[in-house]
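Report on one structure; see the data block that follows.
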Amino acid sequence: MLKNCEVCGRVFAHPTRVLCEDCYNEVQAKYRAVKEYLQKNPGATVAEVAQAAETDVEVIYQFIREGRLSVVPKDAGLTCEICGRPITVGRICHNCRSELEGKAYKPPAEKDSDGSRVRYLDQIRRQR
Ligand SMILES: [Zn+2]
Ligand SMILES: [Zn+2]
């Protein structure tokens, strides 16, 4: 299945990835650098991590939102996307997660024109 890389737009084939091989490897390398730095410097800020990993703060926030970091920068400002409570990992808090998992959750009707909420719920479902 051919698709366009979300970063560079190049056409590539992969069943699950949204990035081409080059961009994927680049993100993986950044991710490792970010993760290692945070493990060694747990109190670091987003800006410090970005500098140490030679990456963009946006990339760090992306990793945080994806819940890929077990240690997050102290100023990550991570909050639950449902109730807004401060959290340290992932996108939704423990309470909301168990509520979501306790119910047969139906995605909202196709009112959202941008589709971002539908996509977000889709991601939660895939994580289970
Ligand atoms: Zn690419
Ligand atoms: Zn919550």
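Points worth noting:
- Some residue of segment 21-37 being open to solvent by less than 60 Å² (accessible area, probe 1.4 Å), modelled with pLDDT under 85 and either basic (Lys, Arg) or on the phi < 0 side of the Ramachandran plot (or both): no
Yes or no, residue by residue, for (1) touching a residue at least 60 places away in the same chain (Cβ under 8 Å); (2) among the β-branched types (Val, Ile, Thr); (3) assigned to a loop (DSSP other than H, G, I, E, B):
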{"residue": "Val7", "(1), (2), (3)": "no, yes, yes"}
{"residue": "Arg17", "(1), (2), (3)": "no, no, yes"}
{"residue": "Cys23", "(1), (2), (3)": "no, no, no"}
{"residue": "Tyr37", "(1), (2), (3)": "no, no, no"}
{"residue": "Pro42", "(1), (2), (3)": "no, no, yes"}
{"residue": "Ala50", "(1), (2), (3)": "no, no, no"}
{"residue": "Thr55", "(1), (2), (3)": "no, yes, yes"}
{"residue": "Phe63", "(1), (2), (3)": "no, no, no"}
{"residue": "Pro73", "(1), (2), (3)": "no, no, yes"}
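- Looking only at segment 62-117, and only at residues there that are open to solvent by 70 Å² or more (accessible area, probe 1.4 Å), among the polar types (S, T, N, Q) and at pLDDT below 85, the one that is farthest from ligand 2 (Cβ to nearest atom): Ser113
- Filter result (of a type in the set (A, V, I, L, M, F, W, C) and within 16 Å of ligand 1 (Cβ to nearest atom)) within segment 59-101: Val59
The values are calculated or read from the model by the stated rules, or taken from the named source; none is laboratory data. These figures come from a predicted structure and were not determined experimentally. When we count neighbours, we look across all protein chains shown, and the Cβ atoms used for this are built from the backbone with ideal geometry, even at glycine. Quick note on the areas: whole protein, heavy atoms, side chains included, nothing else; ligands and nucleic acids left out. Shrake-Rupley method; radii C 1.70, N 1.55, O 1.52, S 1.80 Å.
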